[in-house]
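Asker: Here you go, one structure.
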Amino acid sequence: MAHEFTTSYLADSRAVLRHYKQLGERAMEQIEDRDFTTMLDPEMNSVALIVKHMAGNMKSRWTDFLTTDGEKPDRDRDHEFVQPPTDRESVMEVWNKGWEHVFSAVDPLTEADLNRKVTIRGEPHSVTQAINRQIAHYAYHVGQIVFLAKHFRSDKWGSLTIPRNRSVT
């Protein structure tokens, strides 16, 4: 991630969110189409299921972000973990739609919005807390995507950060 000094919480949050979106995309670019739906064991999620879950969360949390509870009544979270999109194009479409919800809600926010109260699952959060909650959630799942992609690519993996044995510049 290209670091840019800022004292703006919102500018930093937007940059971090875009970084995790890009990190996930760069990992998914490296895997074969069949890898999107491969599960390492019955208790794990595939890349496609993780993306479907993230997108469901993003739609729920960021639609009418400032005015409605972040857990929408029509969200079927359990369904996010079954019937994944089956091809790269469909996975990426779901991924991009999810991130559209994020940025359409976060980009217009101003510093004055940070102290506003929003709810998630009936619990009050400041806008800052809600953004932090989602950044942590997305980082967690992008990390899973990177882990799976790295596993599938093995010795063909192209590092997304500083490659091994190249820490000294």
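Asker: Within the group 104, 90, which residue is in contact with a helix residue (DSSP H, G or I) (Cβ under 9 Å, 6 or more places away or on another chain), small (Gly, Ala, Ser) and farther than 12 Å from residue 36 by Cβ?
Answerer: Working: 90 fails: farther than 12 Å from residue 36 by Cβ.
Of the residues listed, the single one that is in contact with a helix residue (DSSP H, G or I) (Cβ under 9 Å, 6 or more places away or on another chain), small (Gly, Ala, Ser) and farther than 12 Å from residue 36 by Cβ is 104.
Asker: For the condition over 30 Å from residue 159 (Cβ atoms), exposed (fewer than 14 other Cβ atoms within 10 Å of the Cβ) and either under 13 Å from the mean Cα position of the chain (by Cα) or β-branched (Val, Ile, Thr) (or both), what is the one hit in 63, 68? Before you say what the answer is, go through the steps one by one.
Answerer: Values: 63 fails: exposed (fewer than 14 other Cβ atoms within 10 Å of the Cβ).
The unique qualifying residue is 68.
Condition check ((1) touching a residue at least 12 places away in the same chain (Cβ under 8 Å); (2) outside any helix (DSSP H, G or I); (3) farther than 15 Å from residue 19 by Cβ; (4) basic (Lys, Arg)) across all residues:
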| site | (1), (2), (3), (4) |
| --- | --- |
| 101 | yes, no, yes, no |
| 112 | no, no, yes, no |
| 119 | yes, yes, yes, no |
| 129 | no, no, yes, no |
| 145 | yes, no, no, no |
| 150 | yes, no, yes, yes |
| 165 | no, yes, yes, no |
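Asker: May I pose another question? Looking at 133, 77, which is the one that is closer than 17 Å to residue 13 by Cβ, surrounded by fewer than 16 Cβ atoms within 10 Å (Cβ to Cβ) and of a type in the set (D, E, K, R)?
Answerer: On the way: 77 fails: closer than 17 Å to residue 13 by Cβ.
Going through 133, 77 in turn, the sole match is 133.
Asker: Continuing with the same structure: Would you confirm whether any residue within the range 62-84 is within 18 Å of residue 142 (Cβ to Cβ), in a helix (DSSP H, G or I) and of a type in the set (Lys, Arg)? Show your work before the answer.
Answerer: Taking the range 62-84 first, the residues within 18 Å of residue 142 (Cβ to Cβ) are 62, 80-81, 84.
Among the residues that remain, those that are also in a helix (DSSP H, G or I) are: 62, 80-81.
The next check asks that each one be of a type in the set (Lys, Arg); those that pass are none.
Among the residues of the range 62-84, not one is within 18 Å of residue 142 (Cβ to Cβ), in a helix (DSSP H, G or I) and of a type in the set (Lys, Arg), which makes the answer no.
Values in this text are rule-based calculations from the coordinates and carry no lab data. What you see is a predicted model, and the numbers here were worked out from it, not measured in a lab. Positions of Cβ are generated from backbone atoms using ideal geometry, with glycine treated the same way; all protein chains shown enter the neighbour counts.
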